[in-house]
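Working notes, structure below.
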Amino acid sequence: MDYKGQKLAELLYTYLIVIFGVIAWIFGYFKQSFKVTFQGWLAGLIFCMVLCVPDWPIYNRNPVEWLTEIPPPKPKPAKSTGEEDKAVEKDKAVEKKKTKNRKR
Amino acid sequence: MLLSLESGTRSMHTYWVRLNAVFFYGLNVLLGLAVMTWLSCLQQDLGFGDYPQPVIHKIKMNDLLSLRSHGGVDRALLSFDLAADLRPAFHWNLKQLFVFVLAEYESESNKLNQVILWDKIVETEEDAQMATDNAYIKYALVDQGNELRNTTVNLYVVWDHMPVTGRLFMNRGKGSPFELPPSYR
């Protein structure tokens, strides 16, 4: 539900419950029964709960406009990876062998 | 469809907020309706204008069955006549009337003693018209001490308005005095 939808929902139930209640009161007064008034009020309340609580599509007609996405910063230069380390070690090993051979 | 689903999961808490708002706003409206109902009957309750008012035609002690000392305290058993028309008390904001017969007397120890002798819950307008002769009391007239002999007791019919909404209040008819005998019998 967007902001205008929230405002609309609030407006709807604020007026509808009162209108239902007043009509129910008038009916109750002429029937001389408070039960009639109470039932009318309850009907109004339940109607407004169905109307204003779920996120109906009419409350989503003015979606919030978000800013366009800011591009992420450029990645830093790549560090040495495991592959490279292994290669270096291999080179060192080869060099050691060579020196050994020379000593002999 | 996808969009509404997504916004639904993102703002899940607003369902509870709105449900709470609608329900408690509704309760406030109900309070307003209740106050309006109370106001609509106020004139009749207070007896302004030419509204008919409840009438007690008769309340009278009929027969004294006994006046005895019962474990140190005085106790009287009696019967009474009652004729009343409480229908004018009824309107759409009245749930029921609690009607009772009250004995009031002054004794040496207490300035005012009040004892309920009989009661009835009147729920419908038809029942509000009452006429009984020689009805026996439900609850004995028991004194705090032993000072019932030679006392003047006033009998009243009191009716308690119990409304659907609004304040509770009582009305009473005219008292009807009778003398208790000077000795036990």
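Overview of results
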quantity	calculated
Separation of the B:Leu31 and B:His57 label points, Cα + 7 Å toward Cβ, nm	4.5 nm
Accessible area of chain B belonging to carbon and sulfur atoms, whole % at 1.4 Å probe	57 percent
Accessible area (Å², per residue) of region A:14-69, counting only protein heavy atoms and a probe of 1.4 Å	70 Å²
3J(HN,Hα) from dihedral phi, region B:134-143, Karplus parametrisation 6.51/-1.76/1.60, rounded to Hz, x for glycine, proline	6, 7, 7, 5, 7, 10, 5, 7, 10, 8
Max mean-square fluctuation residue, GNM over chain B, Cα-Cα springs under 10 Å, options B:Val73, B:Val115, B:Val29	B:Val29
Per residue, in Å², the accessible surface of chain B once ligands and nucleic acids are set aside, probe 1.4 Å	56 Å²
Calculated FRET value between B:Phe24 and B:Ser69, using beta carbons and R₀ = 45 Å, to 0.05	0.15
Square roots of five times the Cα gyration tensor eigenvalues for chain B, Å	53, 21, 14
Pairs from A:Lys35/B:Lys174; A:Lys31/B:Lys138; A:Lys31/B:Lys60; A:Lys4/A:Lys74; B:Lys60/B:Lys95; A:Lys76/A:Lys97 whose Cα-Cα separation, in the structure shown, is over 32 Å	A:Lys35/B:Lys174; A:Lys31/B:Lys138; A:Lys31/B:Lys60; A:Lys4/A:Lys74; A:Lys76/A:Lys97
Exposed-site-free run, longest, chain B (rule: chymotrypsin sites (Phe, Trp or Tyr not before Pro); DSSP loop; at most 15 other C-beta within 10 Å)	B:49-138
Within straight-line cross-link reach of A:Lys96, lysines at Cα separation under 17 Å, skipping those fewer than 8 residues along the same chain	A:Lys86
Square roots of five times the Cα gyration tensor eigenvalues for the protein assembly as shown, Å	86, 33, 13
Candidate aspartates and glutamates for bridging to A:Lys92, where Cα separation is under 13 Å - those fewer than 8 sequence places away on the same chain excluded	A:Glu84
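The values are calculated or read from the model by the stated rules, or taken from the named source; none is laboratory data. Quick caveat: nothing in here was measured; it's all calculated off a predicted structure. Note that we place each Cβ from the backbone using ideal geometry, even for glycine, and neighbour counts take in every protein chain shown. Only protein heavy atoms, including side chains, enter the accessible area calculation; ligands, DNA and RNA are left aside. Shrake-Rupley method; radii C 1.70, N 1.55, O 1.52, S 1.80 Å.
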